[in-house]
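Colleague: Pasting a structure below so you can have a look.
Read the figures in this text as sums done on the coordinates, not as results from a lab. As the structure is a prediction and not an experimental result, all values here were calculated from the model. Don't worry about glycine lacking a Cβ; one is built from the backbone with ideal geometry, like all the others, and counts go over all protein chains shown.
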Amino acid sequence: MRLFKSIDDIDMHGQGAAIAAANPLRSPLPEAPSFQGRFAEWRDSLAELDWVPDLGVDIGSPSWFRGLVTLTALCAVAISCLPDFGPIAGHRADPLSGYRADQARSQMIAPLAYGSDTGIRMAATDAVRPLAESPERPSIELVATLGRGDSLRRVLQRSGVASDEAMQVNDLVSSAVSLGDIKPGTKIDVILGRRPAKNQARPLDQLAFRARFDLNLEILRDGDRLRLNRKPILVDDTPLRIKGTVGSSLYRSARAAGAPSEAVQKYLQVIGSKMSVSRDIRSTDQFDIILSYRRAETGEVEVGDLVYAGLERGGKPAAQMLKWQSGGRTNWFEASGVGQSNGELARPTNGRVTSSYGMRRHPILRYMRMHSGLDFGGGYGAPIYAVTDGKVIHAGRKGGFGNYVKLQHGGGLASGYGHMSRIAVSNGSRVRRGQIIGYIGSTGLSTGPHLHYELYRGGRTINPQSVKFVERAQLGGQELRRFKGELQKLQRVEPGAALNALKSVSAQAEPEREINRLNKPLKS
């Protein structure tokens, strides 16, 4: 309600009201608001308006969106006011050109990425004449690598050696070493000389490579022919002997002593054929490992296979196994000269067993009778293998077995293979374990391609799944004496002696290296 300031105001309003009452059709005109009044109303409205409401309350309301707009505008203003951290532009000197650029270039080392453009350039004068052709290089040095399945002759021809000279090199090298003994990956240093014409191959001036662990070969040009120069490398072949206490783990102890992992695994396999590694070996036992080992005077080392596996208990040998070749076969023998290898017979074919050993109803004859072997399924023509070493005592037709092969093994054992489509051995021949002796078929009394396999002991069939083959070999006479001599020789080797043998090898090689140095021709 508006309060009147004076009596005059009251009278004036009273008169206005009386006039309005006297003339109801005539209403007083509204009073127009002034600019100051409008500005005051806007100011009051803006003052009452909350520009920064809590955005966590009344989400989605008009006041919340108004606060979001305010926040966005403030962030935009703050980002637009960030200072510029870029480089400050300053005075930049004009690039050098002409004489000044040449002087600066002569005193700098330009990187390869920019062409290494250094030094003062000189323009060509009248004394410069263009070359009719590019000059020939006096020699080319390169390194060729012998790949797997590659030949020395092809490697040289790919390197640019003429075919006739490559053949000469091949003949010279084969006279010194078997070409098959050169290992794949061998690096061959080749030097080619100046060629007489551009349409001809460069002549071979020098060739050098390591043909064997103990031999370097060098081929040099002597006039119009090539000459082979052998350079033997002294090699010490003292075996590497490693001994130590078993402790909590035989494998970890042997590896900590320096034995290679492959040698330790082979050692466990050999010792395991004599005793149980988990039950019979004690933590206080001493393991004894001897490996074939070669060390060249040039420092290269070649670690070979395991040759001796021993175990000591209380200072006395509990097991001594030596690798020995007898009768064309390599086997592990005890110190007494007895060799033994245990294991199940090999599988005669890769198919699965379709019929077991025992009584069954015959699929063709239709009555119960004894099935004296195992039937193996397989596709027609699948290979059949000998279960172990033996001699062929029958190879041909045999009644209901069709094409049949019988092998005689040691210890009174024999094996038979029936229904073959084709026989791959002949009577009286000797076969090895895993050798193909025939192929699966359906000859004889058979309903389909398969292998009928039988095992005999003393001439009578037995269940093949119940037999383990045991092979024994006994050394005697002169071979036994050589075996014991080799065993004593290995036992005299001191542990780690092979690692110190290089000093003696180098001492022996020093006079020979001096002679070779004095005899080496001087290059012009």
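Colleague: Which ordering of Met321, Met359 is given by a fewest-first count of other beta-carbon atoms within 10 Å?
Modeller: So the residues, fewest neighbours to most, are Met359, Met321.
Colleague: Explain nothing, just the number: dipole magnitude of the stretch 353-466 about its Cα centre with +1 on each Lys and Arg Cβ and -1 on each Asp and Glu Cβ, in debye rounded to the nearest 20.
Modeller: That gives a dipole near 220 debye.
Colleague: Sorting Val405, Val177 on the 10 Å Cβ count, fewest up front, what's the list?
Modeller: Ordered from fewest to most neighbouring Cβ atoms within 10 Å, Val405, Val177 come out as Val177, Val405.
Colleague: May I ask for the net charge around Tyr453, where only other residues with Cβ less than 13 Å from the Cβ of Tyr453 are counted and Lys, Arg are +1 while Asp, Glu are -1?
Modeller: Every neighbour counted, the sum reads +1.
Colleague: Quick check: net charge around Arg66, other residues with Cβ under 14 Å of its Cβ, Lys/Arg +1 and Asp/Glu -1?
Modeller: -4
Colleague: Turning to a different aspect of this structure: How would you rank Trp324, Trp42, going from fewest to most other Cβ atoms within 10 Å of each one's own Cβ?
Modeller: Trp42, Trp324
Colleague: Taking Cα centroids, how far is the stretch 187-237 from the stretch 416-446 in Å?
Modeller: 52 Å
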